[in-house]
Structure formats: structure tokens, C-alpha cells
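Right, one structure below, let's go through it.
The values are calculated or read from the model by the stated rules, or taken from the named source; none is laboratory data. If you're wondering where the values come from, they're calculated on a predicted model, not measured in any experiment. Cβ sites come from the backbone with ideal geometry, for glycine too, and all protein chains shown count toward neighbours.
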Amino acid sequence: MKIFELLKNDKPSISFEVFPPKQNSNYESVKKAAMDVAALKPNFVSVTYGAGGGTSEYTINIASDIQKNYGVTSMAHLTCISSDRATVSTQLEKIKAAGIENIMALRGDIPEDMKDCDLSTLDYTHATDMIREIRSKGYDFCLGGACYPECHPDSANQKEDLQALKEKVDAGVDFLTTQMIFDNDLFFNFMYKLRNSGVFVPVVPGIMPITNAKQLARIKTLSGAYMPRKFVNLCDRFGDDKQSMVQAGIAYATEQIIDLFANGINNVHIYTMNNPQVAAKIQENLSSIIG
Ligand code: FAD
């Protein structure tokens, strides 16, 4: 099933993101966690892609098994910055052969060793380059794209980021998923600016339940996402106590999701970090609300 069809639902629903193993040695345990998340049968499951190779071969296997084992629609992520045309072509054929109809088409982060390169000499400089190519080859995939309510760090300002986003959507994106947000107002402000920029595809907000202090430290360093006082207080108070932080993090994410639904958003994507217990608890908290 194509995700843009699933997003036409008029009742609130949630979807989950999982990641594939990074190496062979932990393949079974990481795969099991991803499968346990999919077994909760959300609206769809997306499977991330390791930008520099590594996990890439596992993305398709896991996305394919999710569909076969649980009948849940899956989406394979695909990054292009470290790839050439031949590699992307091979991946597209494999995704198609595996019966996966949805691709999250991404540039990927620029690897450290490429930061001094002239990126314009690469086969792909932006996600838009790969999206245009996929469309020009006539593939019938539903294509998702990433968007950043707080502006992508590579952009000089949000106006530029939105212009590039419009170009990406016009190249053939069917829907967008946001970078994680901890403050829904940022999402609503972004939606206003996005629609004003002439982008009208569905946008699925991404919510990351923070359930341990390590995760929090990582998010602070990597994403630079704005953390509201209410959330910082919660982490300060419960961060050192494992069980309390799990409960408080799930409660915060649940409240954020309910607020999104209450404001007319019908589809929310949850970055599960392959934690089936957390995903299940959020699903349970929403059991009378989601379709
Ligand atoms: P792009 O859309 O190419 O944008 C990157 C920057 O370039 C932005 O500043 C944009 O404004 C600018 N830009 C874009 N097009 C143009 C243009 N034509 N001219 C000038 N500037 C332009 N990473 C992974 O490695 N694997 C994953 O599975 C993964 N999944 C993700 C899922 C979601 C929902 C999100 C939000 C992010 C994900 N990422 C993943 C991270 C992502 O790869 C990084 O954020 C990356 O730095 C940008 O990827 P992009 O596809 O958004 O890039």
C-alpha cells in the first residue's frame, strides 16, 4: 500500500520508525526489536538507512519482512550523498523486487571526510537530485521527504530552507515527515509558513519519546532541537531514575501526540528507537483515540 493513501484517513493514527542492525553480530537481536515494534500493527513502519553503507543492506530485508510477517505497510529509507548513480539504481531495483512501495528519499548527513569536497561534483548534492532521478525513470514508488520545522542546520535561514523544500516537493515528493519536535507550536508555525510557501502535500510530525538520560544527551548534541522548559524540568527531575524517566518520557510524548490530534493532525510518526515496550505503551495510552 502507498503511504499517501494511508494518510488520507480521517481518524487519528500513528506510525513507527525502526532502525536496522549496524553489524552482523547483533543482527538477530536488533531485527527482533524492530519486528516487535511492527507487530503492534501501526499505520505503517519506516526503516532507516545507514548513510555510509553498513546497515544499508539490512534496511530492505527488514522492511520486506515487516510486510510479509505482519501485513503492515513499510517504507525503506534511502540516502544518496555517499552513493553514486549505479548504487542508487541497484537499491531501487532491490526495493522494487522486495515489494516495497514506499521510499523516504534523503540526502543523508555529509560525512566528515567529505566536508571539504566540492559537493556539486557528486552524483547527488541534495535529496531533490535523487527524487528527480527516481521520477524520471518512471518508478511507481510513493516518495517521502524530510523536513525541519526548526530549519535544517545547513540552511542559512528558514526562508532558504523552505524554498529548497518546495523544490524538493515539486520534484515528486508525496508526503513529508518532520525532524523530531518537542514543542508542538514549532510544528504549527512551520505548517503555516510551509502552506504559505505553496507546499500542500501531507506533513507527518515526528515525535521522539525520550526515556533515558543517554538519549537526552545525544539529542541535545545532535539535533539541536528546542526543548521547552516543561520538558527540561521533567528530565532534570526524573533523568537519574530509570523507571521514572521511562514513565515521564512516555507521558510527555503521549500528551504531545494528543495535542497534535486535538489540533486536527491525523497522522503522527513515532521515532521508537526500536523499543517495543515504549511503542506499545504509547499505543495503549491512545487506544480509544487512534483508529
Ligand atoms: P536535503 O533535502 O537535500 O536538504 C539538506 C540541506 O540542503 C537543507 O539545508 C536544504 O535546505 C538544502 N537544500 C536542499 N535542496 C537544495 C537545493 N536544491 N539548493 C540549495 N539548497 C538545498 N539520515 C540517515 O542517514 N538515514 C536515515 O534513514 C534518515 N532518516 C531520516 C528521516 C527523517 C524523517 C528526517 C527528518 C531525517 C532523516 N535522516 C536520516 C537525517 C537526514 O539524512 C539529514 O538531516 C540530512 O542532513 C539531510 O537530509 P535531507 O534529505 O533532508 O536533505
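Here are the numbers:
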read-out: When residues of region 3-29 are limited to those that are of a type in the set (Asp, Glu) and within 18 Å of the chain's Cα centre (by Cα), the one surrounded by the fewest Cβ atoms within 10 Å (Cβ to Cβ); value: Glu5
read-out: Contacts under 6 angstrom Cβ, first residue in region 63-74 being among the hydroxyl-bearing types (Ser, Thr, Tyr), partner buried (at least 23 other Cβ atoms within 10 Å of the Cβ), 6 or more apart; value: Tyr70/Ala38; Thr73/Phe44; Ser74/Val45; Ser74/Ala63; Ser74/Ile66
read-out: Test for Ala34: is it without any contact (Cβ under 8 Å) to a residue 40 or more places away in the chain, among the small types (Gly, Ala, Ser) and outside any loop (DSSP other than H, G, I, E, B); value: no
read-out: Unique residue being aliphatic (A, V, I, L, M), in contact with a Ser or Thr (Cβ under 9 Å, 6 or more places away or on another chain) and more than 26 Å from Asp129 (Cα to Cα) when the list is Val37, Val18; value: Val37
read-out: Qualifying residues in region 44-79 (those that are in a loop (DSSP other than H, G, I, E, B), out of contact with any Asp or Glu (no Cβ under 7 Å at 6 or more places or on another chain) and within 17 Å of Ala146 (Cα to Cα)) - the one modelled with the lowest pLDDT; value: Gly50
read-out: Residue count, region 250-280 (criterion: assigned to a helix (DSSP H, G or I) and within 24 Å of Val203 (Cα to Cα)); value: 16
read-out: Residue list for region 145-199, restricted to those being more than 10 Å from the ligand (Cβ to nearest atom), free of Cβ contacts under 8 Å to residues at least 40 places away in the same chain, more than 16 Å from Met227 (Cα to Cα) and acidic (Asp, Glu); value: Asp170
read-out: Criterion: under 29 Å from Glu160 (Cα atoms) and without any contact (Cβ under 8 Å) to a residue 60 or more places away in the chain - qualifying residue of Lys220, Lys242, Lys214; value: Lys220
read-out: Odd one out for Lys32 among (1) at pLDDT 95 or above; (2) surrounded by 20 or more Cβ atoms within 10 Å (Cβ to Cβ); (3) farther than 27 Å from Asp129 by Cα; value: (2)
read-out: Pick from region 85-121, criterion modelled with pLDDT under 95, assigned to a loop (DSSP other than H, G, I, E, B) and more than 19 Å from the chain's Cα centre (by Cα), ranking: surrounded by the fewest Cβ atoms within 10 Å (Cβ to Cβ); value: Asp116
